[in-house]
Structures are given as structure tokens and as C-alpha cells.
1. Kindly provide the Kirkwood hydrodynamic radius of segment 265-308 in Å, to one decimal, from all pairs of distinct alpha carbon atoms.
2. Just by accessible area at a 1.4 angstrom probe, what is the order of His202, His162 from largest to smallest?
3. Could you check the simple spin-label distance between Asn405 and Asn279, using points 7 Å along Cα→Cβ, in nm with one decimal?
4. Skip the ligands, DNA and RNA, and give the accessible area per residue of segment 36-86 with a 1.4 Å probe, whole Å².
5. For the chain, what relative contact order do you get, as a whole percent, if you take Cα pairs closer than 8 Å and at least 6 residues apart?
6. Using a Cα distance threshold of under 27 Å, what count of lysine pairs results for segment 228-380 when pairs must be 8 or more residues apart or interchain?
7. Just to be sure I follow the definition: excluding the sites themselves, where is the longest run in the chain that has none of the trypsin sites (Lys or Arg not before Pro) in a DSSP loop with at most 11 other Cβ atoms within 10 Å?
8. Quick check on my link table: of Lys108/Lys186; Lys186/Lys412; Lys74/Lys131; Lys131/Lys412; Lys160/Lys186, which ones sit more than 29 Å apart, alpha carbon to alpha carbon?
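The values are calculated or read from the model by the stated rules, or taken from the named source; none is laboratory data. Since the model is a prediction, treat every value here as computed from it, not as a measurement. Neighbour counts run over all protein chains shown; Cβ positions are idealised from the backbone, glycine included. Protein only, heavy atoms only, side chains kept; ligands, DNA and RNA dropped before computing areas. Shrake-Rupley method; radii C 1.70, N 1.55, O 1.52, S 1.80 Å.
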Amino acid sequence: MATLVSEPFQAMSLKHVFSASGIKGKRVTALSPQENALTDFIRTIIAEKPDIDSPFSVLDLGVVMALFEKWATKLPTVQPFYAVKCNPNLSLIAALAALGTSFDCASKAEIQAILSLGVSPDRIIYANPCKPESHIRYAATVGVNVTTYDSKHEVEKIRKCHPTCELILRIRPPQESGARTSLGLKYGALPEEVPELLSVAHAAGLKVTGVSFHIGSGGGDAQAYEGAISAAKSVFDTASRLGLPRMRVLDIGGGFTSGPVFDAAAMKINAAIQGSFGNEEELVVIGEPGRYFAETAFTLATKVIGKRVRGELREYWIDDGIYGTLINIVFDYATVTCMPLACTSKPENPSCMDSKTYSSTVFGPTCDSLDTVLSDYQLPELQVNDWLVFPNMGAYTTSSSTNFNGFSSSVKSTFLAYTNPITREQTML
Ligand code: PLP
């Protein structure tokens, strides 16, 4: 029988984490708390590798570790299953595996990526309610034994391809308020569908061991979690009423952001779990955070490859765009910000302090005029070959980027950094 690992943490070697980096062990000057975009680090990379292929990104493992610590403190009873779809960067998932997270995979390829790091299959939930049969068979062969469902047809496929798999019923949360990306239109059983979906699975000889939901990505609204936890409890009660085996897994999905909203959401979630499930002694609670761990950990460095001046307007082309890493502007409704690298070293940097800014447009490199990254954005005068730095570029970026126009999708390399959360000192890994 599958066991979703609830005890932290089967730590693994960090060798995967450290293998990707080109420049190691170098210390970079301490940062002020306001400087979170690794710009001194990026400057050092460029100085040491002047011919570096652009664009590139930097993953700050200090950020990942601090977020893990925060999760463990604020949501101590919720085991995180990182949602690989958000950013499958191998160094990121290896670091998370070493810290002790488990994983939410949506496909065979994601399961393969996690298993290739030596992670045990019982630390994976196959959290896609609609799966191709060939992927279900693969999950069966490698021992991934827990999956989500929300339709009778999925029950039938799982009965056929993986009859020992445990099922988690995905429900549609009562509200998704504030989410940037809604998932409820596509997934989640409606309240009136629940009894039949539980009975059908039971009749097929499959065990439904829990309930999952996703409140929508990018909102982190505390109220939405509260409502969904209470709805999940109703499903537990329905299963009991139908005389089915006792459920034990509550999967509160993703939707978390790493800012202050997280603290408020965590408080409400803890209270809601206690309020609805306080009497369930065997309860295992898991979450599927994606954006929470990935978004702020990555910084993107791009190069200005073209320029046009039209009166007071400045237009720039950079070597990444909405068909590449910056695809989060389209699919994730992200509002991105950027800064010229030359202006970021220290506030007293003479090259930027008093420079005039211009209303600027920043285009991506493809021929499509939709490939516009920023419009009417204030920037100082830039020149071709200057660098522009985009912070918070880890969520739904490289995982969705394309090869459109032959600009082989997005970043050419990812460097690893560690920012000490207390001293702000940065080390290249
Ligand atoms: N779990 C499931 C089933 C999802 O579909 C997603 C995102 O689409 C996530 C988790 C991750 O969501 P987020 O990045 O908002 O935490």
C-alpha cells in the first residue's frame, strides 16, 4: 500500500545541487536587504565570463532554504510536495529533495526527473486528475502509487492500468478569489458529484484515501483555503456515511505565494485544519506548493540586442521575451520588473544615480509584435550590449517557454548562488 511520506525528511546528497555551476566558492560583497536580485553576483559572472551566452539565470539556494524553513515553521503539519510543473530546474528540485520536500508530478517525464535524482517513489503524488493510460502504466511500474481523479472515466483507466493505486478525490473549491490563474474551470468534482465518484471507485476495487483541491495559482487567499478545507471535510463525512473506508489524506494543493500573504494564509489554514479535522488522529496533510518555492529564487539576466530612438521614446530589444523565459507574462499574468545591471551595484553608483529616465518599450527577440515585455517603463538611456536584470523569474517561466523564431527557448545556463538570509553575504556555488 502506498504511504505518502509524512515524516520529514529523507535527506539526500547535495551533489546534484552543486554540479551545475561554473564559478565556485567565490564570495561576493554583502547585499543590503533591498538588493535581492543577485546583481553583484551577475556582475561577477559577466566579468569572469565576458563571452557568456545570454540570457542566463541565477538560482539562489539561500532563498529556497529560507522559504523551506518558513514553511516548516508556519505550516509544521503540512508536508510540502513541490509542484514540479512550476519550474523543473534540476538544481532546484535536487535542493528541495535534499531539504526533505516530496513532489507533485503531472506526467511521466516529471516522475522520471524526480526518480533520476534518487528520490523514492513514495515521495511522489501523481497529481494530475486526467492522465494518459501509458503514463498511468509507467507510474505503476516505478511504484508511484497515489494519484488524483475527478471523473468516472479516470477511475476506469486507473482500474485497468494501475489497480493498486490509491486515489485522492480532487474537488472544486467553493471559491478561488484573488487567484491569478484559475484551475476550477478544468478540474475538481462538484459537491453533487462526490457520492457517485466515491462509490464508483469503491466498486472498481480502488481505495479513495483522501481529498485534494487547488484554490487557484498566485492568490494565496486565506479565505479560499478555509472554504476548501471545510468542503474537504464534507467529503470525508460523505465517505463515512456511505460506509467506505476512513479517509486519511488532506491535500491542500498549491496557490501559495512567498510574501506576507503566506503568513496570514498559514494561520487560517492551521486553524481550519484544527477546526474541521481536529478529531482525525490519522490525518496526513500535504500541500503542493510550486510558485512559493520557485518564484523569488530565480533572477534572469538578459542582454540588450537592439535599440531605436523615437523622440523621447526609447525602444529596446532584448534576447529573451514572451516566447522564452518571460512567457510568464502571458500564461501566468505576471507583472515583471527589470533594472539595468549598471544601475544596481550600489546606490552611489555614479553611472545611474542622476541619470534621466525615458519612457521605454522593451521587446523580445522574435518578429511578433506581441513579443513585448514592458511598455511605458521608465529606464535610463541604455546601449546595445547593456544588461537588464529581471528578479522573481522562477515561476512558470522556463517550464512553458518555446522555440518560436528559432530562439532556442530561454536561458542558456543557470548559475547557483547562496545568499545568507542574515548577513546577506552571497557565495557562488
Ligand atoms: N498542484 C496542482 C495540481 C497544480 O495544477 C498546480 C499548478 O497549476 C500546483 C499544484 C502548483 O500551484 P502553485 O504554483 O500555485 O503553488
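1. Radius from the Kirkwood sum: 14.6 Å.
2. Per-residue accessible area, sorted high to low, gives His202, His162.
3. It works out to 6.2 nm between the two label points.
4. I get 35 Å² per residue for this part.
5. 22
6. 6
7. Counting at most 11 other Cβ atoms within 10 Å as exposed, the longest clean stretch of the chain is 25-185.
8. Lys186/Lys412; Lys74/Lys131; Lys131/Lys412
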